[in-house]
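Every number here is computed from the coordinates shown, using simple stated rules; none is lab data. Please read these numbers as outputs of a predicted model, since none were measured by experiment. Glycine gets a Cβ as well: all are built from the backbone with ideal geometry, and neighbour counts include every protein chain shown.
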Amino acid sequence: MNTGDTIFKNTDLELHLVAGITRGINILSSVCENFDAEYLTSDRLRKIYLQIVSYHEENGLILNLDSYIKLYEEDEAEKMLTTNMWAKINAEKPHTTLESVIAAKITLQNLYVYRQTQESTKQLIRQLKVASETKNYNTEPIVKLVRGLECETDARGLSEIVELHQGYDLFIDDYKKAVKNPNQLRGIPTGIDQIDRYMVGLRNSELGMIAGNSGSGKSIMLMNYAMNCWAHYGDVIVITIEMSKLDYIERMYCYLSQIPSERFRKHLLNSKELQYIQRVDEKVQAHPHKMHIVDMKGQCTVSSINKQIDKLMQQNPGKIKMIAIDYMNIISDSTGETNLQWESQVQTAIKLKLMVARAFNVPVWSAVQTTIDNDGIAFSSHLVDQLDVGIFITPDKDTEITGILPGKFFKTRGFKASKFQLETNYAIWSCKPGNSQLARKLQTMRGNND
């Protein structure tokens, strides 16, 4: 397509991107994924970009000007033009960062969509003019152009087509990596061994739910997943809808300090405890991973959640390893209202799966409140069909005494799972595998009484 007459291009950003990928393999691998050379309007920059990518794929190194000249024979005039462009690249290189290059990538992708849309619009106008002049009112060409226009305005990079035989190569590479690392879980561990043995951790692109009645411990379990991921594997985004950010932060520092929550809630912390919490915070600040807490206030929709996550993803490229949403039932529908009808809840789950889990390729877990009168999962069994993994927890008559919280999987992604027990500690907002001696003693006593 001839882009000479378009306003939807930015050669400065194109130069910035190409200069950025010459800085190091980390930037190159982050930027070049899902980036098409067609997004570049400069023929020379496009040529250099392709050669940098090809050189890296073959040699695992970053191409520089000296290597470029040795590898690619060109006449003197072409060599001079290439040298001049490389001089511009080298001059721009110190001004690039991973964040700035990714921002340039996103803008260039969007500009490409605008260029394609502009061209389709021109064709549409020409077709309308021809129809008017010739009195030919056959709408088929117009329908095709409009459908093409809709395709061009769709977000790029959110879909991928692969033939089955090509998919085999992807599968076998992934399988060989897994065989070489048998002790490495393929997902992010929850930190609760009983659960991890069943589902092999939290997996990218999957939507998981922790279901239970009000006060059953859903938020504790979800927060423990998030804290374990943050402590050992990478950044975490927590979307808090029910609780304010201060409530959630208080719970997290209670969990980290192991100081009973009642002392936080009643403002009874003494000077030693406050000093200890300060030392905990110093460790949090020095920690290599970040815990991003997003306080969604009023009329929180999946679209607004998507926007907040997208912003954090761009600010922290490649670092976000899990997203926790507390909790799903109170996410608003497209009208901005919270709708507890099962049809609306199912639509919310579908959107979370497609617009968050699949779109950002990270594990997404949420909590969902069940209804006592329905004795089911979030108002309808139809919701189960939209989940990858679902866990149901329900306190029994002994939970208050033993701290043991029974649980079971109500949806799995192909693995076999059975019931499990958690040992919860509401005082410090934590849970772990349930194997307490008190629970076993209580069960023995019951057996003797029967």
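Quick notes on this one:
- The stretch 181-286: trypsin sites (Lys or Arg not before Pro) falling in loop per DSSP and having at most 14 other Cβ within 10 Å: ARG186, LYS266
- From least to most packed, judged by other beta carbons within 10 angstrom and beginning with the fewest, TYR255, TYR198 follow the order TYR198, TYR255.
- By other beta-carbon atoms within 10 Å, ranking ASP388, ASP310 with the fewest at the front produces ASP310, ASP388.
- When the Cα gyration tensor is reduced to axis lengths a ≥ b ≥ c, the ratio a/c is 1.5 or higher for the stretch 193-449, and with a/b not above b/c it is classed as oblate.
- Pairs from LYS307/LYS351; LYS47/LYS105; LYS290/LYS311; LYS105/LYS351; LYS245/LYS290 whose Cα-Cα separation, in the structure shown, is over 19 Å: LYS105/LYS351
- Residue-count net charge about ILE48 - beta-carbon cut-off 11 Å; Lys, Arg +1, Asp, Glu -1: +2
- Pairwise label distance in nanometres, ALA77 with ASP36, each label 7 Å out on the Cα-Cβ vector: 3.2 nm
- Net charge contributed by nearby residues that have their C-beta within less than 13 Å of THR190 (K/R +1, D/E -1): +1
- Proxy reagent accessibility, fewest Cβ within 10 Å first, across ASP398, ASP196: ASP398, ASP196
- Gain on full stretching of the segment that runs from ASP281 to ILE330 - 0.36 nm per residue minus C-alpha separation: 14.5 nm
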